[in-house]
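For reference, the structure is listed below as structure tokens.
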Amino acid sequence: RDTKEKETLQQNDIAKKIKHLLENIQTNLYQKAIDYRSEMTHKADTWEEFKKILENNAGFIYAHWDGTAATEELIKQETKATIRCIPLNNKLETGKCIYTGKPSTQRVIFAKAY
């Protein structure tokens, strides 16, 4: 069990109870995963902020990027962080690349491999 609770069931109710129990386990595990992802996700608007987050936290960083492979490579060389995802449901948000200062229309997700 995900909650480590124990429960005694009557044999004639077992099928219905197990179905309900499995649904609850799925819901709880999904919510824990969502909460963990939220706790481990940070937002950076500047290069200094980006580096500070990487030094002090594991997880993901949403940051603006200018869209070039060269910038991604420079960020990787300096911090070991790489782009993990360009979210499909990303809101268009104007900003500046954290590294070059060039215009950016959306944030991407950076992270380090451990």
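Sort 12-24, 43-55, 76-88 for me by packing, meaning the mean count of neighbouring Cβ atoms within 10 Å per residue, highest on top.
Packing proxy ranking, top to bottom: 43-55, 76-88, 12-24.
Between helix 69-79 and the chain, what is the angle of the helix's C-alpha long axis to the longest principal axis, kept within 0 to 90° and rounded to the nearest 10?
Once rounded, the angle reads 70 degrees.
Which angle between 0 and 90 degrees, to the nearest 10, do you get for helix 14-39 versus the longest principal axis of the chain when only C-alpha atoms count?
The two axes meet at around 20 degrees.
Given a Förster radius of 41 Å and the C-beta distance between residue 15 and residue 84 as r, what FRET efficiency does 1/(1 + (r/R0)^6) yield to the nearest 0.05?
Once the sixth-power term is evaluated, E becomes 0.45.
Please say if segment 54-95 is rounded, prolate or oblate, where rounded means a/c under 1.5 for a ≥ b ≥ c the square roots of the C-alpha gyration tensor eigenvalues, and otherwise the choice is prolate for a/b larger than b/c and oblate otherwise?
oblate
Taking the Cβ of residue 33 as the center, what net charge do the other residues with Cβ under 12 Å away carry, scoring Lys and Arg +1 and Asp and Glu -1?
Net charge in that neighbourhood comes out at -1.
How much length, in nm to one decimal, is gained on full extension between residue 52 and residue 35, taken as 0.36 nm per residue of separation minus their Cα-Cα distance?
3.9 nm
Taking just the alpha carbons, could you work out the radius of gyration and Dmax for the chain, both in angstroms?
Cα only, the chain: 20.8, 67 Å (Rg, Dmax).
With a Förster radius of 35 Å, plug the Cβ-Cβ distance of residue 22 and residue 93 into 1/(1 + (r/R0)^6) and report the FRET value to the nearest 0.05.
0.35
For a quick check: with amide H placed at 1.01 Å from N, whose amide H comes under 5 Å from residue 41's, ignoring anything fewer than 5 positions away on the same chain?
Amide H to amide H, under 5 Å and 5 or more residues apart or across chains, residue 41 pairs with 60.
How about residue 17: which lysines have a C-alpha closer than 20 Å to its C-alpha, ignoring those fewer than 8 places off in the same chain?
4, 6
Considering amide H positions built from the backbone, and no H for Pro or chain starts, which residues 5 or more places from residue 84, or on another chain, come under 5 Å of its amide H?
So residue 84 has HN proximity to 109, 110, 111.
Amide H neighbours of residue 97 under 5 Å, counting only residues 5+ apart in sequence or on other chains, H built in-plane at 1.01 Å?
Result for residue 97 returns 102, 104.
Taking the 0 to 90 degree range and rounding to the nearest ten, how far is the long axis of helix 47-56 tilted relative to the main principal axis of the chain, both from C-alpha atoms?
Roughly 40 degrees, rounded to the nearest 10.
Laboratory data are not the source of any read-out in this text; all were calculated from the coordinates shown. Keep in mind the model is a prediction, meaning the values are calculated, not measured. Here the Cβ is made from the backbone with ideal geometry for all residues, glycine too, and neighbour counts use every protein chain on show.
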